[in-house]
Amino acid sequence: MSSSPLPVVLVGCGAVSRLFYAPALRALSALGELRVIALVDPVVSARAALRESFPEARSHASLTESDAPRDALAIIASPPRWHAEHTLAAFSRGWHALCEKPIAASSADAARMITAADAAGRLLAVGHYKRFFPSSRALKSLCGPAGTLGALRSFSIAEGGPFTWPAASPTFFRRSETPGGVLLDIGVHVFDLLLWWLGAPSDFSYADDAMGGLEANARVKLRFGTITGTVLLSRDWPTPQRYEFVFDRGRVGWTVNDANGLDVTLDGAAWALQGTLRDADREPAATNAQSFIAQLRHVVGAITQRTPLLIDGREGVRALHLIEACYGRRQLLDQPWFTPSETNNARQHALHS
């Protein structure tokens with residue numbers, strides 16, 4: 001076990017780094033667990049926005065300019081199309097990597113990353129931080145064979161709304177930079193949780209509204225053995241922002257990103273329980289921000305203390321495999337306001353999406 005702070009290279013200084021990684025890195029830096037030694041981004045203003053948080057970090061336009069020591073941790077928070085290139089470059093320098101979701105722009109790129117990690121003897125972690133929510137862990141327990149409410153029968157998930165993410169560049173909407181729309185962006189978290197809770201689906205169907213560009217709305221219908229479920233995702237209309245589960249003996253509701261809260265309704269009861277999960281000491285369980293810190297601390301521990309890694313490359317790529325399978329079965333989402341002629345034209349465009 002190392003007693004010195006783990007050196008960290010932050011690759012990509014856009015919105016996810018400003019809003020999520022920077023606060024978590026500051027928290028663990030204050031505890032002496034890590035130290036940010038380099039900020040990497042081709043955009044000068046993006047690096048400058050993080051210099052106040054990490055004034056001692058060196059500023060680089062390219063990852064190749066950093067002389068961080070072997071065994072450093074590279075956090076890959078660049079656009080998805082660069083994940084493979086940046087991760088492979090990190091491994092070639094003897095660094096470990098925590099790659100922001102999705103693991104890569106394609107499963108082929110992800111396979112190269114996994115192979116390179118094995119060859120270099122480096123850790124490849126994937127940033128599916130919602131697995132660290134106390135609420136998602138409670139749901140995993142409930143969905144298991146010994147769940148308190150009996151067997152899961154069905155579920156419905158609706159997530160998303162008008163796009164308000166403070167993106168540092170238009171890469172979210174460029175297929176050359178990001179190969180998918182709302183399914184890749186939001187759906188990767190949803191699929192990661194579903195695969196973690198329930199395993200691989202036995203069947204599914206998929207539809208979205210892409211007509212040559214990236215999808216803004218998507219619908220997935222899935223079956224996990226006898227369990228059926230629907231996932232609705234959107235970037236342009238408000239959704240309920242809810243996960244709803246129907247069990248043999250009750251229902252459970254979860255609000256998107258509520259890291260430590262669940263709603264429970266027992267069958268036959270005229271009331272519902274809405275509460276905050278608590279740990280063994282009766283303190284409120286971790287919040288969203290604390291869960292992100294927990295993810296980062298977990299990865300640091302896997303490097304410095306050799307503790308098991310919860311989400312490595314092989315685990316992290318499973319959601320991407322399912323996303324690619326959905327795109328392979330893409331159908332045009334019903335849009336009843338189209339005339340028959342417009343529908344035919346839309347279907348032709350959808351074939352080339």
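Each value in this text was obtained by applying a stated rule to the coordinates, not by laboratory testing. Given the structure is predicted, the values throughout are model-derived calculations rather than measurements. FYI the Cβ positions are ideal-geometry reconstructions off the backbone, even for glycines, and counts take in every protein chain you see.
For a protection proxy built on the mean count of beta-carbon atoms within 10 angstrom, sort 46-57, 30-41 highest first, please.
30-41, 46-57
What does the charge count around GLN295 come to, taking other residues whose C-beta lies under 12 Å from its C-beta (Lys +1, Arg +1, Asp -1, Glu -1)?
Within the 12 Å Cβ shell, the charges total +3.
For GLU342 and SER202, compute 0.36 nm times the residue count separating them, minus their Cα-Cα distance, and round to one decimal in nm.
Full-extension gain reported as 47.0 nm.
When a/c reaches 1.5 or more, the comparison of a/b and b/c decides; with that in mind, is segment 226-347 rounded, prolate or oblate per its Cα gyration tensor?
oblate
Work out which helices of the chain, taken as complete DSSP H runs, extend at least 18 Å along their axis over the Cα atoms and score a mean Kyte-Doolittle of 0.0 or more, then list them.
Qualifying helices: 107-120, 288-304, 313-328.
Ranking request for peptides 143-152, 205-214, 247-256: highest mean number of other beta-carbon atoms within 10 Å first, then the rest in descending order.
The most tightly packed comes first, giving 205-214, 247-256, 143-152.
Between ALA30 and ASP118, what's the calculated FRET efficiency when r is the beta-carbon distance and R0 is 35 Å? Round to 0.05.
The formula returns an efficiency of 0.55 here.
May I ask you to compute the full-extension gain from LYS221 to SER154, defined as 0.36 nm times their residue separation minus their alpha-carbon distance, rounded to one decimal in nm?
Computed gain between LYS221 and SER154 is 23.0 nm.
Between PHE163 and ASN257, what length in nm is gained on full extension when 0.36 nm per residue of separation is reduced by their alpha carbon distance?
32.2 nm
Once the Cβ-Cβ distance between ARG249 and HIS349 is put in as r, and R0 is 56 Å, what FRET efficiency do you end up with, to the nearest 0.05?
0.75
Which parts of segment 183-221 would a label at ASP334 reach, counting a residue when its backbone N lies under 18 Å from a point 7 Å out along Cα-to-Cβ?
Of the residues in segment 183-221, 205-210, 217-221 have backbone N under 18 Å from the label point off ASP334.
Taking the simple approach of a point 7 Å from Cα along Cα-to-Cβ for both ARG175 and SER62, what is their distance in nm?
3.0
Identify which of the listed values of Cα extents along the principal axes in Å was calculated from the structure shown: [x] 85, 64, 36; [y] 57, 57, 37; [z] 77, 44, 41.
[y]
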